[in-house]
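Remarks on the structure that follows.
The values are calculated or read from the model by the stated rules, or taken from the named source; none is laboratory data. Owing to the predicted nature of the structure, the values given are computational and were not obtained by experimental measurement. Here the Cβ positions follow ideal geometry from the backbone for every residue, glycine too, while neighbour counts run over all protein chains shown. Surface areas here come from the heavy atoms of the whole protein model, side chains and all, with no ligands, DNA or RNA. Shrake-Rupley method; radii C 1.70, N 1.55, O 1.52, S 1.80 Å.
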Amino acid sequence: MANPMSLFVLQVLSFLLLYILLLYLFNVILGRFRRVQDFSGHKPPTYPIIGCLISFYKNRGRLLDWYTELLAESATNTIVVHRLGARRTIVTANPKNVEYMLKTNFNNFPKGQPFTEILGDFLGYGIFNVDGELWRAQRKFASHEFSAKSLREFFMITLEEEVEKGLLPILESLAVTAEVVDLQELLRRFAFNMVLKVSLGIDRCCLDPSQPVPPLTRAFDKASEICAKRGAAPLFIVWKMKKWLGIGSERQLKNAVEEVHRYVSEIIINKKRMIEEGESRSEDLLSRLILAGHEEEVIRDMVISFIMAGRDTTSAAMTWLFWLLSCHPDIEKEVVKETRLVMERMLDYDSLKELNLLKACLCESMRLYPPIAWDSKHAVVSDLLPDNTPVRAGDRVTYFPYGMGRMEALWGEDCFKFKPNRWFVESNDRRELQEVCPCKFPIFQAGPRVCLGKEMAFIQMKYVMASILDRFKIKPLSSASPVFVPLLTAHMAGGLEVLVQKRTQTTSINKQLN
């Protein structure tokens with residue numbers, strides 16, 4: 001007699017085969033009919049019942065550029081996407097719509113249950129995966145802690161230590177031996193060390209990319225990758241079935257999440273013991289969460305959210321900027337000149353704010369290659385966006401930083417070019433860095449959910465970039481343009497292999513400190 005589970009699996013496989021066959025027939029038959037038009041015509045090729053599933057499947061390997069092309073063709077820079085197996089989705093690169101979602105009518109556009117379900121196994125009830133009162137309570141705590149002078153001082157001490165005792169010696173060794181290194185992996189490990197120290201208060205992991213990836217890093221990578229693929233899946237029922245059956249990628253996700261939870265929970269237990277015995281200085285975020293009296297599960301999920309937010313975003317932005325500077329040696333020369341003028345004194349929290357060209361370069365890099373390519377909310381009730389796009393209750397509404405950075409309507413005809421000068425304005429015969437509306441440049445979101453770590457992120461990126469550029473020249477091995485891969489946070493496919501060379505006439509921070 002056949003096993004009931006085996007029969008169920010066969011039924012599922014039969015269903016999928018039948019679905020693929022029907023999809024093929026739809027593609028052949030419906031291609032002879034006119035496409036269905038929406039209220040505005042701003043949408044990909046769409047047919048009855050299946051919507052734009054065929055186009056979506058054909059462009060699954062280039063979704064970002066496909067959406068960008070469709071948005072650029074739309075008079076409002078907004079498109080409406082209907083797809084079998086997914087809820088109605090509005091994708092926008094219109095700043096007025098972004099402001100309406102993230103600020104003006106914030107309460108009508110929470111993350112929503114469909115989003116939190118995708119990330120729930122990994123991020124749980126952490127601040128980045130909840131709405132309502134639970135989010136407000138965590139936001140209030142995090143806002144207070146991120147504005148505390150003591151945390152800022154701890155962050156700067158940690159940053160200086162990790163750069164001077166970890167990152168720069170590795171680069172010095174690589175320059176001497178002329179070894180090839182994956183710069184993306186090196187910067188990711190550095191950022192991971194930083195967030196572990198600031199969030200958990202634990203000593204740094206191995207920074208050397210030639211050494212194996214630590215288990216916790218592997219688990220984070222696997223969990224992030226699979227959760228991202230959940231969100232991009234043509235049919236959500238597929239990953240839900242795999243989760244119910246405990247097979248394939250969903251089994252891998254379960255194992256990865258268990259490893260992350262086990263690791264963080266052990267640290268929480270040890271930290272509680274240290275606090276009780278008076279051995280902890282309470283500088284890191286974990287100690288502050290414990291002292292605030294939060295439940296262990298909430299603490300665990302909040303810490304995981306902080307790690308996820310700070311781990312890959314800054315490293316991705318710096319990796320892309322190093323590559324862009326290698327393609328624009330004239331701009332790199334000006335950045336090095338600026339950093340050396342500041343580093344002749346002291347590279348600290350205040351002096352870092354003077355690195356305007358470097359900040360413009362970072363902004364320009366993130367405009368073209370945003371660490372978060374897109375973000376979605378879900379409408380609570382029916383609504384109307386400022387560009388007159390109707391929103392139905394339950395619709396997924398996605399704002400699209402990757403596409404926004406490539407809209408000629410927002411950035412001009414040269415929107416695909418790396419031009420840091422676009423971030424400056426002439427004022428009273430002075431060249432000043434301009435503040436761009438966060439709804440036009442929503443890299444750190446906007447409104448009530450604006451990123452609390454924005455200032456720390458810029459400080460960290462400036463310190464690392466200035467320290468490296470002062471001492472070393474980064475030379476990519478390949479002349480080919482890297483491929484942008486959007487998971488929960490974006491990265492370069494295959495990393496960025498480089499040679500590290502010493503610069504002449506450096507301004508050593510170590511000399512300043514001695």
Would you mind listing how long the range 228-321 runs along its three principal axes, going by Cα atoms, in whole Å with the largest first?
51, 40, 18
Could you work out the per residue convex hull volume over the alpha carbons of the range 405-461, in cubic angstrom?
119 Å³
Residues of the chain: accessible area per residue at 1.4 Å, in Å²?
47 Å²
Assign one of three labels to the range 254-309, namely rounded, prolate or oblate, based on the Cα gyration tensor with a ≥ b ≥ c the square roots of its eigenvalues; rounded applies when a/c is under 1.5, prolate when it is not and a/b is larger than b/c, and oblate otherwise.
prolate
I'd like the projected area of the range 58-117, averaged over all directions, using the convex hull of its alpha carbons. Report it in nm² with one decimal.
5.2 nm²
Taking a 28 Å limit on the Cα-Cα distance, which of the listed pairs K165/K333; K240/K440; K111/K149 fall beyond it?
K240/K440; K111/K149
The aspartates and glutamates whose Cα lies under 17 Å from the Cα of K271, excluding any fewer than 8 residues away in the same chain, are D203, E279, E283, D284, E295, E296, E297, D301
For the chain, give the share of DSSP beta bridges that are antiparallel, in percent and rounded to the nearest 5; count only bridges with both residues there.
90 percent
Short to long, in 10 Å steps from zero, the percent of alpha-carbon pairs of the range 410-514 per bin is 10, 24, 39, 23, 3
Which net charge results for the neighbourhood of K353, defined as the other residues with beta-carbon distances under 11 angstrom from its beta-carbon, given Lys and Arg at +1 and Asp and Glu at -1?
-2
Per principal axis, largest first, the Cα atoms of the range 152-199 extend in Å by 36, 17, 10
Distance in Å, no decimals, from the C-alpha centre of the range 200-271 to the one of the range 135-182 is 23 Å
Leaving out same-chain residues fewer than 8 places away, which aspartates and glutamates sit with a Cα under 19 Å from that of K243?
E117, D121, D221, E225, E258, E259
May I ask for the percentage of alpha-carbon pairs in the range 114-172 that lie more than 19 Å from each other?
56 percent
Restricting to Cα atoms and excluding each atom paired with itself, what does the Kirkwood estimate give for the range 168-281 in Å?
16.8 Å
Please report the carbon-and-sulfur percent of the accessible area for the range 331-456; probe 1.4 Å, protein heavy atoms only, DNA, RNA and ligands left out.
49 percent
Given contacts defined as C-alpha pairs under 8 Å and at least six residues apart, what's the relative contact order of the chain, whole-number percent?
21 percent
Semi-axis lengths (Å, descending) of the ellipsoid that matches the C-alpha gyration tensor of the chain:
39, 29, 23
Anchor K58: lysines whose Cα lies under 17 Å away (excluding residues fewer than 8 positions away in-chain):
K43, K229
Please report, in Å, the Rg and the Dmax of the range 312-449, where both are computed over Cα atoms only.
17.8, 58
Mean projected area, convex hull of alpha-carbon positions in the range 66-194, reported to one decimal in nm², is 13.0 nm²
When the scattering of the range 381-422 is computed by the Debye formula from its Cα atoms alone, each counted once and equally, what is log10 I(q)/I(0) at q = 0.15, 0.20, 0.26, 0.35 Å⁻¹?
-0.54, -0.72, -0.90, -1.17
Which entries of K222/K272; K337/K462; K222/K242; K475/K502; K337/K473 show an alpha-carbon separation above 18 angstrom in the structure shown?
K222/K272
